[in-house]
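Each remark here refers to the structure printed beneath this line.
The values are calculated or read from the model by the stated rules, or taken from the named source; none is laboratory data. All figures in this text were calculated on a predicted structure; none of them were measured in a lab. Neighbour counts run over all protein chains shown; Cβ positions are idealised from the backbone, glycine included. Note: accessible area is taken over every heavy atom of the protein model, side chains too, but ligands, DNA and RNA are not part of it. Shrake-Rupley method; radii C 1.70, N 1.55, O 1.52, S 1.80 Å.
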Amino acid sequence: MSKARVNMLINASANEIWKTISAFDGVEKFAPWIASSRVEGSGVGAKRTIVMKDGVQLFERLERLDEAEKILCYSITDAISNSPLPVKDFVGTIQVGEMSQNQCKIEWSAVFDAQGRPEAEIVAEIEGMLSIAIKELEKLQGS
């Protein structure tokens, strides 16, 4: 299994960031490569369909939602054969930690099996995407 991980401090309230992330819909607000998303169901087991800007669809499932610890875990439930990032068995975890009233730490990690390209290349690309998403989360809060 390959692992990508990004830890960043951002100038935003942990509670506000958690509200945005834990809703599980609207991921396109902070992931600029996503055109739209739709969620069916609620809570653990909810299914999210993501349409990427290039038209590729991804199907995800909410695996864990821990309000007290501010942890969200999701999996990609289909093979991404036509994705520019060919991975299998992808599981992502986002944890938000409060540092102060207006600063929080976000740790976003993913484990997966890299397919078809060098592992280091795929890990670097995923970490770049996660960093962009975290910075966009900060921008949403008006910081």
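Over the Cα atoms of region 1-71, each weighted equally, I'd like the Debye log10 I(q)/I(0) at q = 0.20, 0.29 Å⁻¹, rounded to two decimals. The calculated log intensity ratios at q = 0.20, 0.29 Å⁻¹ are -1.03, -1.27. Which of the GluC sites (Glu not before Pro) across region 44-113 are loop residues per DSSP, with 16 or fewer other Cβ within 10 Å? Answer in residue order: GLU67, GLU69. Seen from all directions on average, the chain presents a Cα convex hull projection of 7.8 nm². Inverting the pair-averaged 1/r between distinct Cα atoms of region 82-139 gives 12.8 Å as its Kirkwood hydrodynamic radius. Relative contact order, whole percent, for region 27-133 stands at 16, derived from Cα pairs under 8 Å and 6 or more residues apart. Entry comment: accessible area of region 1-112 is 50 Å² per residue, from protein heavy atoms only and a probe of 1.4 Å. Modelled this way, with points 7 Å down the Cα-to-C-beta line, the labels at GLU119 and ALA23 are 3.8 nm from one another. The slack between VAL56 and MET8, meaning 0.36 nm per residue of separation minus the straight C-alpha distance, is 14.5 nm. Could you look at the chain and say what percent of its accessible area is carbon and sulfur, using a 1.4 Å probe and all protein chains? Of all accessible area on the chain, carbon and sulfur atoms account for 47 percent. Taking the Cα centre of region 1-139 as origin and assigning +1 to Lys and Arg Cβ atoms and -1 to Asp and Glu Cβ atoms, the resulting dipole is close to 160 debye. The SER36 and SER100 beta-carbon pair, evaluated with R₀ = 35 Å, returns a calculated FRET efficiency of approximately 0.55.
Nearest 10 degrees is fine. How inclined is helix 119-140 to the longest principal axis of the chain, computing both from alpha carbons? Taking Cα atoms only, the helix is inclined about 30 degrees.
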